Structures are given as C-alpha cells and as structure tokens.
Amino acid sequence: MKELVKQLMQEVNLTEKQAIQSIQIIKEFAKKKLPVFSKAIDKLFDQHVPKQEVDFLD
C-alpha cells in the first residue's frame, strides 16, 4: 500500500495522512458493499497500511 499512498500523494496532491485516510475510507466502503469479503479486505489492507497512532492529547 505504500505504493498506493505515494501515488495518491503525487497525483492528487494529498498529504501522507490524507492518502492513508482515503484508503481507509475506501476499505470501509468495500467492506459495506462486499460483506462476504470483509475479513479478506481487512487482511489485505491491514498488512500494508500503518495503524493509526493513538493521540491522547486529542
């Protein structure tokens, strides 16, 4: 997914954080539309997208 993040950053002029958020939105959309493949989608995306850090100051 690093390649996809990089491509989003270059082609759509997103920040890294925005690119990762976009991918997460797409992931959730795909899970809603294809619930049968929900676990496979999670596995695919979770292998490559960094986990969001918990910011206790927010």
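The values are calculated or read from the model by the stated rules, or taken from the named source; none is laboratory data. Just so it is clear, the model here is predicted, and its values are computed rather than measured. Heads up, the Cβs are rebuilt from the backbone with ideal geometry, glycines too, and the neighbour counts pull from every protein chain shown.
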Q: Could you please tell me which pairs satisfy a Cβ distance under 8 Å, a separation of 6+ or placement on different chains, a first residue in the stretch 9-28 that is more than 24 Å from LYS39 (Cα to Cα), and a second residue that is loosely packed, with under 13 Cβ neighbours inside 10 Å and not acidic (Asp, Glu)?
A: MET9/THR15
Q: With the checklist (1) at pLDDT below 95; (2) assigned to a helix (DSSP H, G or I); (3) of a type outside the set (Lys, Arg) in hand, flag the one item GLN10 doesn't pass.
A: (1)
Q.
Which residue is modelled with the lowest pLDDT, if the candidates are limited to the stretch 30-58 and must be polar (S, T, N, Q) and loosely packed, with under 12 Cβ neighbours inside 10 Å?
A. GLN52
